[in-house]
Every structure is written in C-alpha cells, then in structure tokens.
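Remarks on the structure that follows.
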C-alpha cells in the first residue's frame, strides 16, 4: 500500500465536508481529484486550488485512485459503494465520512475483496453547507471516528489513520452500532430538539413582534443546529432511525419527569435534578 | 426627580447581574452603593472600585437612595419589596432585574404611594454567577425590558430608560403577562431542554467512555444553558409556572409530531418540517 504522499486520492462530493478535506489534503498527496455532481462545483474547486484534477464522472475516474473518500449524504454513499466498488483499483482504500455507520459498514462488507474499506465519521461541521463554506481547518482538533471491518488490513487502517492525523483530527476506533447509538443522543437528538424548539416558538410567540427583540442567548444556542443541511439530516435520520427514536423516547420521559416536578411544586426534587444537570454539564465542558 | 448623574443609586445583590450593573454605572451617578448579604462580597466590590459605598444592611441604607435596584432572585425580590418599601425615600425609583414579571409587578403595585416602581428584565446573562463574573459590558447591546405600572410617573419611566441606555442596552416597554409568556418559550424552556438533554445523555451514553470524545458542537451548544445558576432558575420556574408548563406542553406535542414522521417514515412530512425549522431559524438569526 502506498504512503499518503505517494497516493492519488479521489474525493467524491465537494460540499462542506469533502471540500474541506480536499483543502486540508491538497499538497500532501501526489494528486487530489475532486468529483462533484455539478460542473460548476468542479470548476470552482479547481479555481480555489484545493484539487489538482476534477470531474463530474466518478465512474471514469475512480479506477485511477489509490484512495477514494465518499463525502456525500449517507444514502448516496450506500448507492455509490454499490456502483463504484467493482471499478476501484486493486488494494484501493475506500473511506466515507457519513454520520451513521451501521448501514454503511454493511454495504462496505459487500464490496469486492480486492478493496480495503474503512468507515469514517468526523465529529465536526457547521450550519453552512456547500463548497463555499469549505475550510482547510474544519477538522483541526476534532475527533474522527474510524470503523474498520474484519476484512480491513492493518495497512489500510494505518493509512486511514494517517489521513485523519494529517488533517489535524484525532482518530477514535469505534464499532458501527456503538457509534450510531452515541451520536443518536449526542448529535442527532440535539438537532431534533433544536427544530422542535423553533416550531414551538413559531406556535407560541411568533405572532408577537416583541419576540424578535427578546430572543436571548439561550434560545440562539439551543436552536443553532436547526440550521443544518436538511438533505444530510434526512439521510441520517433514515439510517439511524431506531437509535434516534430510542434517544428521543428517553428524552421525552426525562422531560415529563422534570415538568411533573414543576407541576406538583416538588422543589426539592426539582433542585436535585437541575443541580445534577448543571454539575454533569460542567464536568463535560469544564 | 433628580437626573441619573445627580442620583444616589443603591443596588441590592452583587452577583453577576447586580455587580455588572454597578460596574456599568459607577462614575455615572453621584454615589453607587452596593448591598450584599455577605460581608466578603461587599469588601470585594469596594476593592474592585465598582461601588462607592457598601453594606450588608439594606434596611439602614435604602432610605438614603434616590434609586434602588433589586438584583436578587425573583422570590427574594418579592420579599424585599414588602420589607423595604416603607423605608424608601419620597419619590424613590425602585426597579428590579428579575426574569419573571407578573408576581413582581403585583408586589410593586402594593408598594406605598410615595414610591415609583418600574419592573425590569435585561435579556442577557452567562453561565457563570457571582461577583467574580461581573462585567461592565454585560448589558451592552442587550434588550432590557421595562414594565411600568399604571401608577408609574412619566419621569420615573424616563429615568429607568436613561439607566438602561447608559449601560448600553436597548429599552423595550412590555407588560408583565406578555413578557412572561414570551420568555417562557424563548428562555425558560431552552433551559429545561438543556437540562433534560444532559439527563438523557447521562442515561444513554455516559457509561461509554467514547461519549466524552465524540461530544460534538451540537450537544455543547444545546446544553450550554444547563450551566445556569440553579437558585435563580428555581425562582423563575416557581414564579412563571403556568407559562412554562404551557410552552413545555406545546414542545412535547411538536416533538411527538416530529418523531412520528420518523417512526412511520413519512419523509415528505419530515422534510417539510425540518426545512421550515431551518428557514425560520435563519430568519431569526440571519
């Protein structure tokens, strides 16, 4: 297996995640090829100097690459693994950056045997999408989950780890089901809550023009992730449905418990619960 | 009624809010007196140079002041209005900075007739509490709600408005019940959701050490206000119970609707709801 600096890497999808990866890896590989659906995206990426070559035709290009990274929404990744797998070069490392892993790892296990798959999930992002939001420093300091399969060679996992480290992230090896349950609570549920809070404000306060003047920091921060890309989130929710519903159900029970303390004016119970939440939050983010 | 620069202002409570107010007003009034429960707090505020005089004895001091600002938790404010009202000087402006207004305005309406009450609520804060977190710039750029009573004179309201403007905030005149319903959704509910999300993570992920490595920005932002001061929040929840429970109930219904789309895999309904939330969020915070 070639070293990263000797490799031709093809990144499929030049949105926020793929564009940022190209920007972070450009100059650190032999060739960076960018593949996007739209011609204008490819032209823009070439003009920015974050890719060496570009095309809209993944089928024609992937056979030349030593490393292929799928930076598209989860269900597109599933389709691309199926379509492109047979065209990949011998020993090619194929990685993805999808936010849910169970379904992707399942699709990766069906790839032809000459390919080396590793699931990937960088724990970062922002509420902007598209190439214009790409940033070579996006991954800097972030945790980057890597999920090797049983069939993945030690060398392939090492190469994936090198990519992660070169872009400034910290690799964390984690199985698919475990990561999906964790991100259901720590990432997907916060998104649902943010959207629901926006809907609640819309139903209860939006008719009052004063609402706009008094929206405080709490509301702004709690709703921030409601600005996330909807197509990306739909794929995430569709491919992590059980884990997300389980987390939402626990949340609902906990909210009922909290509001019941308020309803019955059990101030001691309420104080304990709020204090516990505060301590726990401060422990996570000192 | 004296101008602000000729006034002796007494601030009761030298925590984050009162300490920041003292810092912002010091040098802009004839005298700033700070009143705190603990002797050390008074000593510290004097040492910082944010007050001219200090005492732990509100009863002895308030009669000298032209303006009294209550910067204590809501239920303490209710008690202090009752206890200190008769001791206030003739024509004294009495303001508060409590986060709920209905109960406070009710207590203000029972003040002796020689006093001029105006309810106040600055829409800012941070997750740190106490004098050490005080900051002369805390109010800069914030909306500061003012709730005059029928009995409040034009001059008293103008003086309150001057205070708000001098500390860099923007006054917004709003009635008590209306502000309480608005902040229930825009401030108190986000706090409950933040605490509940912390409880949910505690129940579903905290046993997994990887959780600490993958907590992403969404979780961090959505839980930020769970770090708020618990005593302050208990007073808020106790004095805005009906409005908070109403907002929480709407939230619960909206969350049920969202999760039911996920459960039955109604992707069109889900897309519409998520897109609407995104657009609405971007409209509020462009």
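Values quoted throughout were computed directly from the atomic coordinates according to the rules given, and no laboratory measurement underlies them. Since this is a predicted model, take the numbers as computed values, not measurements. Glycine also receives a Cβ, built like all others from the backbone with ideal geometry; neighbour counts cover every protein chain displayed.
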Whether the range A:4-174 is rounded, prolate or oblate, judged on the alpha carbon gyration tensor where a/c under 1.5 counts as rounded: rounded
Principal axis dimensions, largest first and in whole angstrom, of the range A:178-284 by Cα: 41, 39, 25
Cα pair distances in the range B:1-89, grouped into 10 Å bins until the bin that holds the longest one, percent each: 19, 55, 26, 1
Between 0 and 90°, nearest 10: helix B:74-84 axis offset from chain B longest Cα axis: 10
Whole-number Å³ per residue for the convex hull built on Cα positions in the range B:99-171: 105
Whole-number percent relative contact order across chain B, with pairs defined as alpha carbons under 8 Å at least 6 apart: 16
Per-residue mean of C-beta atoms belonging to partner chains within 10 Å, peptide B:252-264: 5
Kirkwood-type radius of chain A, with distances r between different C-alpha atoms, in Å: 20.6
Rounded tilt (10° steps) of A:189-204 against the dominant C-alpha axis of chain A: 50
FRET efficiency, 1/(1 + (r/R0)^6) with R0 25 Å, evaluated for residue B:283 and residue A:276 via beta carbons: 0.10
Between the range A:220-271 and the range B:123-184, the alpha-carbon center distance in angstrom: 31
Cα long-axis angle, helix B:154-166 against chain B (0 to 90 degrees, to the nearest 10): 60
Shape of the range B:189-230, Cα gyration tensor, a/c cut at 1.5: prolate
Estimated D of the range A:83-227 in µm² per second, where Rh is the Kirkwood radius over Cα pairs and Stokes-Einstein applies at 25 °C, 0.890 mPa s: 139
Label point 7 Å beyond Cα along the C-beta direction, distances from residue B:137 to other copies (nm, shortest first): 2.0
Relative contact order (percent, whole number), the range A:1-64, Cα cutoff 8 Å, 6+ residue spacing: 32
Estimated [θ] at 222 nm from DSSP helical runs (n ≥ 4, -39500 (n - 2.57)) normalised by residues in chain A, nearest 500: -15000 deg cm²/dmol
Förster radius 51 Å - calculated FRET efficiency between residue A:203 and residue A:140, Cβ distance, rounded to 0.05: 0.80
Within the range B:89-117, backbone nitrogen closer than 17 Å to the virtual label 7 Å beyond the Cα of residue B:53 toward Cβ: B:89-90, B:92-93
Exercise: per-residue mean of other protein chain Cβ atoms within 10 Å, B:21-33: 0
Dimensions in Å of the protein assembly as shown - Rg and Dmax from alpha carbons: 28.1, 91
Chain lengthening between residue B:46 and residue B:265 when straightened (0.36 nm per residue, less Cα-Cα): 72.6 nm
Other copies of residue A:241: label-to-label distances in nm, shortest first, labels 7 Å along the beta-carbon direction: 4.2
Distances in nm from residue B:257 to the matching label points in the other copies, shortest first (labels 7 Å along Cα to Cβ): 2.8
Mean Cβ neighbour count within 10 Å, used as a protection proxy, ranking A:82-88, B:32-38 highest first: B:32-38, A:82-88
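By count of other Cβ within 10 Å, fewest leading, how are B:180, B:253 ordered?
By the 10 Å Cβ count, ascending: B:253, B:180.
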Likely footprinting exposure, A:158, B:127, fewest C-beta neighbours within 10 Å first: A:158, B:127
Neighbouring partner chain Cβ atoms per residue of B:227-234, average, 10 Å criterion: 5
Cα gyration tensor, the range B:233-283 - rounded (a/c under 1.5), prolate or oblate: oblate
Sorted by Cβ density within 10 Å, fewest first, the residues B:66, B:229, B:208: B:208, B:229, B:66
